[in-house]
Amino acid sequence: MNNIAGQDEVITPELLEGYEGLIAPADKDGNSLILPANGQVWCLTNATFANGQNHIALSLCEADTDVGPICLAVWNGTEFIDFLVPPAPDFVLEVNGPIPFCKKFNTSPDEVFPLVFSVVPQFKEEPHQRTIAIQPDGRKAGVN
């Protein structure tokens with residue numbers, strides 16, 4: 001089962017459009033930290049471009065490990081745009097890689113990268129706050 005967690009656990013049809021499977025609110029402890037028993041959790045995420053633009057995003061985290069955010073999709077005002085980087089194969093990057101991603105936001109790579117993803121909810125498992133900065137070649141920095 002996949003769980004979803006957000007700022008106030010408000011789940012809208014737009015947030016879930018294009019994502020299939022069983023989704024339920026994530027279980028949290030008394031401090032509003034997502035419990036490890038949730039397993040994989042879809043989370044409300046903030047995406048910040050290098051030029052300062054902010055966009056809502058959706059990411060997958062593992063509540064029982066330090067994995068995430070992964071499986072990233074960013075809202076461009078009309079749809080979620082999937083974001084993939086190397087080592088994804090070239091045929092995938094031609095559709096969902098950094099260059100097509102930038103085009104769907106009418107921006108250049110210099111305006112987007114490094115692209116910072118900050119997960120809104122916090123986790124009981126370390127790290128509590130999940131943030132990552134990604135370069136267009138797939139290099140990651142600032143993982144916590």
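The values are calculated or read from the model by the stated rules, or taken from the named source; none is laboratory data. Quick caveat: nothing in here was measured; it's all calculated off a predicted structure. Glycine gets a Cβ as well: all are built from the backbone with ideal geometry, and neighbour counts include every protein chain shown. Just so you know, the surface numbers come from the protein's heavy atoms only, side chains and all, with ligands and any DNA or RNA stripped out. Shrake-Rupley method; radii C 1.70, N 1.55, O 1.52, S 1.80 Å.
Here Ile81 meets the list (1) in contact with a Lys or Arg (Cβ under 7 Å, 6 or more places away or on another chain); (2) closer than 25 Å to Lys124 by Cβ; (3) open to solvent by less than 30 Å² (accessible area, probe 1.4 Å) almost entirely, failing just condition (2). Looking only at residues in the range 38-71 that are touching a Ser or Thr at 6+ places or on another chain (Cβ under 7 Å) and free of Cβ contacts under 8 Å to residues at least 60 places away in the same chain, the one that is least open to solvent (accessible area, probe 1.4 Å) is Leu58.
Kindly indicate whether any position in the range 98-114 is open to solvent by less than 80 Å² (accessible area, probe 1.4 Å) and more than 16 Å from Gln53 (Cβ to Cβ). Within the range 98-114, one or more residues are open to solvent by less than 80 Å² (accessible area, probe 1.4 Å) and more than 16 Å from Gln53 (Cβ to Cβ).
The set of residues from the range 121-134 being open to solvent by 40 Å² or more (accessible area, probe 1.4 Å) and under 15 Å from the mean Cα position of the chain (by Cα) comprises Gln122, Gln129.
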